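Participant: I have a structure I would like to understand better, so I am pasting it below and will then ask my questions one at a time.
No value in this document is a laboratory result; all are computed from the given coordinates. Please read all numbers here as calculations on a predicted model, not as lab measurements. Here the Cβ positions follow ideal geometry from the backbone for every residue, glycine too, while neighbour counts run over all protein chains shown.
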Amino acid sequence: MPIPNRHAVEVGVLVSFGNFLIFQHFMPPVTDVRAADQFNPFAESSERTALIAATAFTVLVSGFVRSFDTFIIAGAGIVLIDYAYKHAIAVHPDTNTMAGPGGGMDGNVHPLPSYEEVGQAG
């Protein structure tokens with residue numbers, strides 16, 4: 001297995017730190033996002049904007065460095081940061097789970113009709 005270029009890995013770690021700063025610019029801290037309403041549309045749009053900006057920054061720097069290793073390392077950083085924010089957006093502040101206070105039946109799910117109530121043919 002070939003050893004990746006050391007400088008490409010160092011640049012990838014620096015780009016990952018830059019991606020973290022990009023997310024900090026567009027988003028509040030994860031704890032504040034988690035304390036807000038579940039699936040807050042403003043938090044989701046800010047998260048998407050931060051994701052696009054961080055991805056563009058990673059592609060731009062990786063293109064300048066001409067290293068796929070830089071892209072892989074920085075991309076892994078984007079995935080980890082974005083996962084933390086997506087999970088924080090999905091958590092309900094009252095239950096601290098991804099299910100709503102009604103146990104998942106909070107209006108987003110349409111239950112199937114009861115077959116006992118439907119008239120029987122015969």
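Participant: Rounded to whole Hz and in sequence order, give me ³J(HN,Hα) for the range 8-23 from the Karplus expression 6.51 cos²θ - 1.76 cosθ + 1.60, θ = phi - 60°, writing x for Gly and Pro.
Facilitator: 5, 5, 4, 5, x, 5, 5, 5, 4, 5, x, 5, 4, 5, 4, 5
Participant: Please arrange T31, T58, T49, T70 by counting, for each residue, the other beta carbons lying within 10 Å of its beta carbon, fewest first. Don't jump to the answer; show the numbers that get you there.
Facilitator: Values: T31 8, T58 24, T49 15, T70 27.
Going from sparsest to densest Cβ surroundings: T31, T49, T58, T70.
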